[in-house]
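J.: Let me give you the structure first, and then I'll get to my questions.
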Amino acid sequence: MPSEVVVLENEKIDITIWRNFLELVKNHKRDFILLAIIMVFVGALDSVFPLFTKYAIDNFIVEKNLIGLNKFIKLFFIVIAFQGINVYLFLAMGGKVETNVSYDIRKKGFEKLQILPLSYYDEKAVGWLMARMTSDINGISETLSWGIVDFAWGLAMMLAVVIAMFRLNAKLALIALTVVPPLAIASAYFQNKILKAQREVRNVNSKITAAYNEDISGAMTTKTLVREEINLEEFKEITEEMKQKSIRATIVSSLYFPIILVLGSIGTALVLNSGGKDVIQGTISYGTMAAFIAYTAQFFEPVRQLAVVFAEIQGAQASAERVFSLINEVPDIIDSEDVVNEYGDFFTPKKENWPEIKGEIEFRNVDFAYKNGEKVLENFNLKVKPGETIALVGETGSGKSTIVNLLCRFYEPTSGEILIDGIDYKTMPQIWIHDNLGYVLQAPHLFSGTIKDNIKYGHLDATDLEIIKASKLVNSHNFIMKMEKGYDTNVGEGGNLLSTGQKQLISFARAIVKNPKIFVLDEATSSIDTETEMIIQKTIENVLEGKTSFVIAHRLSTIKNADRILVIKDGKIIEEGNHRELIKEKGYYYNLYTNQFIEEKNKEVLG
Ligand SMILES: Nc1ncnc2c1ncn2[C@@H]1O[C@H](COP(=O)(O)OP(=O)(O)OP(=O)(O)O)[C@@H](O)[C@H]1O
Ligand SMILES: [Mg+2]
């Protein structure tokens with residue numbers, strides 16, 4: 001279970017978070033104010049209705065008289081129509097605000113996710129990020145828009161009710177309001193309890209999300225390790241916890257509501273008691289009495305509503321903390337302001353100012369360690385001429401991928417420099433190098449969509465002809481054409497409907513179509529059968545011709561023809577030279593190669 005999903009939430013309402021949030025809301029200031037105004041109208045109008053009741057009782061019922069009834073009815077309908085319009089407006093406006101706010105936050109979050117370097121994704125669980133982008137953002141925008149609605153309505157209504165009560169009869173008003181202090185105390189007490197209980201529920205809930213996420217993405221591993229029963233047991237424990245906590249939360253909040261109801265009824269009873277006597281003595285009218293009863297009920301309605309809003313706001317604050325921790329995340333790798341001004345950023349690159357890459361690469365005294373990790377590279381030096389093909393070989397974990405990831409600026413050196421055509425790449429935008437890069441991975445990622453979509457993913461202008469040419473180069477045209485829909489075949493989520501080798505070939509074609517200056521092949525052909533590999537071997541050489549390229553391969557036959565082979569051990573180059581030179585040297589590479597050679601021959605013989 002990834003531990004980072006259990007997020008501790010703040011007890012108090014955090015001002016900075018909300019300031020942050022209000023900044024985001026500023027774009028829709030007008031809508032928010034309008035919404036609040038509409039709600040004040042709704043609340044105030046609600047408090048007018050008991051006055052109609054009062055008038056009707058005192059003038060028509062008690063007096064047994066119908067004069068003026070027509071006018072009364074007309075006025076009544078006008079008020080109702082006006083309220084109807086208000087309700088329509090607030091529903092429309094609330095919906096609009098909610099949609100706009102969530103759109104804005106989503107956009108900001110998505111932008112940030114595009115910009116953040118790989119090191120961010122090393123640390124954050126996918127489930128954590130998904131929850132931020134979905135339920136947390138929903139929570140915030142819902143609370144903000146509808147919370148405002150309830151809040152403005154509740155306050156306006158309570159205020160209007162109090163004013164109306166005092167204007168009708170100050171004594172009865174005071175009597176009705178005697179229940180307010182105990183109400184305030186009960187509310188404060190229960191709010192606290194409800195909040196704590198709900199917070200616990202939410203924490204368990206993120207554990208459940210994480211468990212689902214891990215189980216779904218690790219389905220195959222679960223099956224092969226026969227973990228089903230254990231996983232189920234573990235999951236049962238969490239859901240059991242969820243059940244307990246939810247029950248407790250429900251009990252606490254279901255205690256609160258009857259208390260409010262009882263207090264409300266006590267208020268009504270007090271009014272009835274005192275007001276009844278007054279009516280009998282003739283000091284107040286029947287209508288006033290009826291209006292008071294309606295008002296006490298009306299007064300308590302928003303109290304409950306506001307209690308809910310407060311709880312929601314606290315929940316939304318927890319969501320906001322998490323969402324803004326993402327939005328405010330400062331990337332480890334950042335383009336300086338000067339760089340952005342001169343060369344543009346991720347979303348608005350000024351390509352016209354970019355120097356064209358020739359492909360000379362130099363690692364100068366580079367040290368590197370992953371976050372919280374040991375040094376992987378120490379004082380690493382390497383100079384690569386434009387157009388040179390460099391092969392990296394070495395045991396697992398020796399640092400080959402790290403070297404190319406630094407070159408691609410997915411990570412930056414902890415110290416030392418990496419120069420491209422003699423320019424320190426930190427003085428250029430990240431996208432400069434990315435734009436000139438063709439990267440094919442051992443575990444290539446395809447996107448949902450067709451094969452064609454995937455091949456042109458990095459070069460949307462690619463013509464069908466270019467796509468087919470690239471596919472033919474990597475020998476994938478035939479298998480694609482054998483598929484029912486050819487290039488329009490859907491590859492499934494992450495390319496799951498294809499084999500790993502097929503995915504590698506397609507991502508290879510994708511890199512070729514982009515026609516980059518620098519190629520990185522990290523175990524790019526590891527899942528392709530030897531025969532196909534031999535066929536595309538020549539192609540790879542042709543494709544890489546004239547491009548600076550880094551090829552990482554365990555299967556040494558793949559890299560035999562590289563201009564230079566570097567043997568990496570513990571982040572250091574221990575042997576260097578072309579195939580023939582290294583074989584002659586009879587060192588590490590020689591042993592590796594002869595062993596593999598014998599193995600492969602054996603395989604061939606044994607079939
Ligand atoms: N994202 C990461 N975060 C922390 N440490 C990492 C990360 N990636 C790799 N490492 C560590 O850095 C070291 C070098 O890893 P690297 O991936 O460069 O090896 P490699 O030579 O490419 O191995 P392989 O042949 O298995 O692909 C390893 O000790 C590994 O544990
Ligand atoms: Mg690797």
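J.: Just checking, how many residues over the stretch 505-539 are more than 37 Å from the chain's Cα centre (by Cα) and not in a helix (DSSP H, G or I)?
T.: Filtering the stretch 505-539 for residues more than 37 Å from the chain's Cα centre (by Cα) gives 529-539.
From what is left, the residues that are not in a helix (DSSP H, G or I) are 529.
Going through the stretch 505-539 one residue at a time, the tally reaches 1.
J.: Of all residues in the stretch 235-260, which are touching an Asp or Glu at 6+ places or on another chain (Cβ under 8 Å) and charged (D, E, K, R)? Before you say what the answer is, go through the steps one by one.
T.: Narrowing the stretch 235-260 to residues touching an Asp or Glu at 6+ places or on another chain (Cβ under 8 Å): 235, 245, 248-249.
Listed by number, the residues that qualify are LYS245, ARG248.
J.: Okay, moving on. Please indicate, with yes or no, whether at least one residue in the stretch 149-160 is more than 30 Å from TYR295 (Cβ to Cβ), among the acidic types (Asp, Glu) and out of contact with any Asp or Glu (no Cβ under 7 Å at 6 or more places or on another chain).
T.: No; the residues of the stretch 149-160 include none that is more than 30 Å from TYR295 (Cβ to Cβ), among the acidic types (Asp, Glu) and out of contact with any Asp or Glu (no Cβ under 7 Å at 6 or more places or on another chain).
J.: Can you tell which of GLU214, GLU228, GLU233, GLU241 is modelled with pLDDT of 85 or more and crowded, with 16+ Cβ neighbours inside 10 Å?
T.: GLU241
J.: Next question, about the same structure. Given the options LYS400, LYS371, LYS375, name the one that is touching a helix residue (DSSP H, G or I) at 6+ places or on another chain (Cβ under 9 Å) and among the basic types (Lys, Arg).
T.: Among LYS400, LYS371, LYS375, only LYS371 is touching a helix residue (DSSP H, G or I) at 6+ places or on another chain (Cβ under 9 Å) and among the basic types (Lys, Arg).
J.: Inspect the stretch 327-346 for any residue being within 16 Å of ligand 2 (Cβ to nearest atom), of a type in the set (A, V, I, L, M) and not in a helix (DSSP H, G or I) and give the result as yes or no.
T.: Within the stretch 327-346, not a single residue is within 16 Å of ligand 2 (Cβ to nearest atom), of a type in the set (A, V, I, L, M) and not in a helix (DSSP H, G or I).
J.: Quick one: which residue in ILE480, ILE423 is surrounded by 15 or more Cβ atoms within 10 Å (Cβ to Cβ) and more than 23 Å from GLY387 (Cα to Cα)? Spell out how you get there, then give the answer.
T.: Values: ILE423 fails: more than 23 Å from GLY387 (Cα to Cα).
Unique residue meeting the criteria: ILE480.
J.: Just for the stretch 369-380: of the residues that are touching a residue at least 60 places away in the same chain (Cβ under 8 Å) and more than 8 Å from ligand 1 (Cβ to nearest atom), which one is nearest to ILE518 (Cα to Cα)?
T.: Applying the filter and picking the extreme gives PHE380.
J.: Looking only at the stretch 353-368, which residues are more than 16 Å from ligand 1 (Cβ to nearest atom) and in contact with a helix residue (DSSP H, G or I) (Cβ under 7 Å, 6 or more places away or on another chain)?
T.: Those that are more than 16 Å from ligand 1 (Cβ to nearest atom) and in contact with a helix residue (DSSP H, G or I) (Cβ under 7 Å, 6 or more places away or on another chain): ASN353, TRP354, ILE361.
J.: Answer yes or no: is there a residue in the stretch 348-359 that is under 23 Å from the mean Cα position of the chain (by Cα) and exposed (fewer than 15 other Cβ atoms within 10 Å of the Cβ). First the steps, then the outcome.
T.: Of the residues in the stretch 348-359, the ones under 23 Å from the mean Cα position of the chain (by Cα) are 348.
Narrowing the set further to residues that are exposed (fewer than 15 other Cβ atoms within 10 Å of the Cβ) leaves 348.
Within the stretch 348-359 (the criterion being under 23 Å from the mean Cα position of the chain (by Cα) and exposed (fewer than 15 other Cβ atoms within 10 Å of the Cβ)), the answer is yes, since at least one residue qualifies.
J.: Quick one: count up the residues across the stretch 540-594 that are assigned to a helix (DSSP H, G or I) and within 16 Å of ligand 1 (Cβ to nearest atom).
T.: Residues meeting the conditions: 6.
J.: Then there is this: Among all residue pairs at least 6 apart or on different chains, which show Cβ distances below 6 Å where the first residue, located in the stretch 393-411, is more than 20 Å from TRP432 (Cα to Cα) and the second is small (Gly, Ala, Ser) and within 11 Å of ligand 2 (Cβ to nearest atom)?
T.: Here the result reads LYS400/GLY394, each pair linking the stretch 393-411 to a residue that is small (Gly, Ala, Ser) and within 11 Å of ligand 2 (Cβ to nearest atom).
J.: For the stretch 111-128, enumerate the residues that are within 11 Å of LEU326 (Cα to Cα) and within 16 Å of ligand 1 (Cβ to nearest atom).
T.: LEU116, TYR120, LYS124
J.: Going by what's in this entry, would LYS385 be described as surrounded by fewer than 17 Cβ atoms within 10 Å (Cβ to Cβ) and under 30 Å from GLU541 (Cα atoms)?
T.: Taking the combined requirement at face value, the residue satisfies it.
J.: If I filter the stretch 525-547 for residues that are touching a strand residue (DSSP E or B) at 6+ places or on another chain (Cβ under 9 Å) and within 16 Å of ligand 2 (Cβ to nearest atom), do I get at least one hit?
T.: Yes: one or more hits.
J.: Got at least one residue in the stretch 498-508 being more than 30 Å from ILE334 (Cα to Cα) and touching a residue at least 60 places away in the same chain (Cβ under 8 Å)?
T.: yes
J.: Inside the stretch 369-380, can you point out the residues that are more than 26 Å from LYS547 (Cα to Cα), assigned to a strand (DSSP E or B) and within 15 Å of ligand 2 (Cβ to nearest atom)?
T.: Selection gives VAL376 alone.
J.: Given the conditions (1) farther than 30 Å from GLY587 by Cβ; (2) more than 16 Å from ligand 2 (Cβ to nearest atom), which single one is not true for THR500?
T.: (2)
J.: Would you confirm, using the coordinates I've provided, whether GLY394 is among the small types (Gly, Ala, Ser) and in contact with a Lys or Arg (Cβ under 9 Å, 6 or more places away or on another chain)?
T.: Against the criterion (among the small types (Gly, Ala, Ser) and in contact with a Lys or Arg (Cβ under 9 Å, 6 or more places away or on another chain)), GLY394 qualifies.
J.: Taking only pairs six or more apart or across chains, which ones have beta-carbon atoms under 8 Å, a first residue in the stretch 112-137 that is in a loop (DSSP other than H, G, I, E, B), and a second residue that is within 11 Å of ligand 1 (Cβ to nearest atom)?
T.: Listed pairs, sorted by first residue: PRO117/PHE410; PRO117/TYR411.
J.: Would you confirm whether any residue within the stretch 488-502 is more than 16 Å from ALA470 (Cα to Cα), at pLDDT below 90, part of a loop (DSSP other than H, G, I, E, B) and acidic (Asp, Glu)?
T.: no
Residue by residue, here is whether (1) more than 28 Å from MET534 (Cα to Cα); (2) within 16 Å of ligand 2 (Cβ to nearest atom) holds:
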{"residue": "LEU392", "(1), (2)": "no, yes"}
{"residue": "SER401", "(1), (2)": "no, yes"}
{"residue": "ILE418", "(1), (2)": "yes, no"}
{"residue": "TYR425", "(1), (2)": "yes, no"}
{"residue": "LEU441", "(1), (2)": "no, yes"}
{"residue": "ILE480", "(1), (2)": "no, no"}
{"residue": "ILE506", "(1), (2)": "no, no"}
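The values are calculated or read from the model by the stated rules, or taken from the named source; none is laboratory data. If you're wondering where the values come from, they're calculated on a predicted model, not measured in any experiment. When we count neighbours, we look across all protein chains shown, and the Cβ atoms used for this are built from the backbone with ideal geometry, even at glycine.
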